[in-house]
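Below you'll find the structure, written out as structure tokens, and then a few comments.
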């Protein structure tokens, strides 16, 4: 079932916290994964796989490079949930 | 097609079996680490990086790069000789030499016959296999089956790489990872099973995830640069951690044991991040020692598992007779995993 932006953001923030230890409150829509949150490509892949599990979507490897901001990821998940 | 005559077998002879299905185990290990230790500081300028970035990204602090004299056959011979000495098996009793490598710089012939000759196993069957970072575990599986099936009495398996000959020193995805070395094992008959069932396979849909940049024909015909090995880091990371952890678990299950029975876990030393994430996925008990030779040795492909095993033995962390889960995975993509009894 499709979730709201806020629900996806909250879930994603939990996943980021588990992988990096970052405060979930710091995971805001306009933050860049690399520049603002300092998440490297391998941690990003861990977040992607855990997001697939949590939200029941598929995020292909080719798509991961397009997920530059938290909003990109939230929008992709919302769209994939359809 | 119309058949006008029916051929019938003579039926006068029967093929005799060449052996019984006896058990097999690893009898001894050997290794060779190149002389030159290369710290991150020697690498960072060419990839616009830092010691901290390399450590965070891979766990690697130093690695060993082979010099001009440390060729694939030289390192293979040294590791093989040590494995023979440690196993107590005379070279004259080795009837097969298998070399797993992707960096022997001749299209043909294989390096195995040369190594066999140099070691004194002149009549041994000798051939190379190409299974990249999974090559050693493929070799152990073949050797096990050969000993059990009676094709061979004693098999020398060698994993050897001089990856730096195929590394682009300016490639930020591989230059800090790849390294050189050799590891070897002697496999022979035993009373009890010392090598569990191998779980292996391939995923050719991801053939280009780790790949020599250009074919030899393109290098010749298009006057291209030397074709170094390149890698799609994120793709390989996902496959290695979430694809290979279930394979490792299958190897445990097929061996008829549980994770709690393991003494050590020796994954291919690809990247400390992969090793740690795979260990987490497997939910191994805390008392299972995990090989992390990568920090000092880098990624030596087919050599990494025997070298990491030797390091644990040298450090007193891998008890003789104990059980080790080993899993190789790499270019192809290909993989192989099995539980073995430590020599």
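The values are calculated or read from the model by the stated rules, or taken from the named source; none is laboratory data. As the structure is a prediction and not an experimental result, all values here were calculated from the model. When we count neighbours, we look across all protein chains shown, and the Cβ atoms used for this are built from the backbone with ideal geometry, even at glycine.
Data overview
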{"item": "Scope the range A:32-46; condition crowded, with 18+ Cβ neighbours inside 10 Å and part of a loop (DSSP other than H, G, I, E, B); matching residues", "result": "A:33, A:37, A:39"}
{"item": "Failed item in (1) out of contact with any strand residue (DSSP E or B) (no Cβ under 8 Å at 6 or more places or on another chain); (2) free of Cβ contacts under 8 Å to residues at least 24 places away in the same chain, with residue B:321 passing the rest", "result": "(1)"}
{"item": "Matching residues in the range A:9-30 - criterion: being in a loop (DSSP other than H, G, I, E, B) and crowded, with 18+ Cβ neighbours inside 10 Å", "result": "A:27"}
{"item": "Residue in the range B:138-148 that is under 14 Å from the mean Cα position of the chain (by Cα), in a strand (DSSP E or B) and under 30 Å from residue B:22 (Cα atoms) present", "result": "no"}
{"item": "Out of B:306, B:343, sole residue that is assigned to a loop (DSSP other than H, G, I, E, B), in contact with a strand residue (DSSP E or B) (Cβ under 6 Å, 6 or more places away or on another chain) and either surrounded by 18 or more Cβ atoms within 10 Å (Cβ to Cβ) or in the same structural domain as residue B:59 (by TED's automatic domain parsing) (or both)", "result": "B:343"}
{"item": "Selection count where residues are more than 12 Å from chain B (Cβ to nearest Cβ) and outside any loop (DSSP other than H, G, I, E, B), scope the range A:47-63", "result": "3"}
{"item": "Any hit, the range A:28-40, residues being within 11 Å of another protein chain (Cβ to nearest Cβ) and either at negative phi or touching a helix residue (DSSP H, G or I) at 6+ places or on another chain (Cβ under 9 Å) (or both)", "result": "yes"}
{"item": "Failed item in (1) surrounded by fewer than 18 Cβ atoms within 10 Å (Cβ to Cβ); (2) part of a strand (DSSP E or B), with residue B:63 passing the rest", "result": "(1)"}
{"item": "Cβ pairs under 6 Å, 6+ apart, first in the range B:204-218 and in contact (Cβ under 8 Å) with a residue 60 or more places away in the chain, second assigned to a strand (DSSP E or B)", "result": "B:210/B:231"}
{"item": "Which numbered condition residue A:2 fails, given (1) within 14 Å of another protein chain (Cβ to nearest Cβ); (2) modelled with pLDDT under 95", "result": "(1)"}
{"item": "Qualifying positions in the range B:223-278 - within 11 Å of chain A (Cβ to nearest Cβ), buried (at least 20 other Cβ atoms within 10 Å of the Cβ) and part of a loop (DSSP other than H, G, I, E, B)", "result": "B:271"}
{"item": "Index of the failed condition, residue B:284 passing every other in (1) in contact with a helix residue (DSSP H, G or I) (Cβ under 6 Å, 6 or more places away or on another chain); (2) farther than 16 Å from residue B:185 by Cβ; (3) more than 14 Å from chain A (Cβ to nearest Cβ); (4) not in a loop (DSSP other than H, G, I, E, B)", "result": "(4)"}
{"item": "Which listed residue is farther than 19 Å from residue B:179 by Cβ and touching a residue at least 40 places away in the same chain (Cβ under 8 Å), from B:287, B:296, B:315, B:263", "result": "B:263"}
{"item": "Residue match in the range B:234-245 (condition: touching a helix residue (DSSP H, G or I) at 6+ places or on another chain (Cβ under 8 Å), farther than 25 Å from residue B:175 by Cα and modelled with pLDDT of 95 or more)", "result": "yes"}
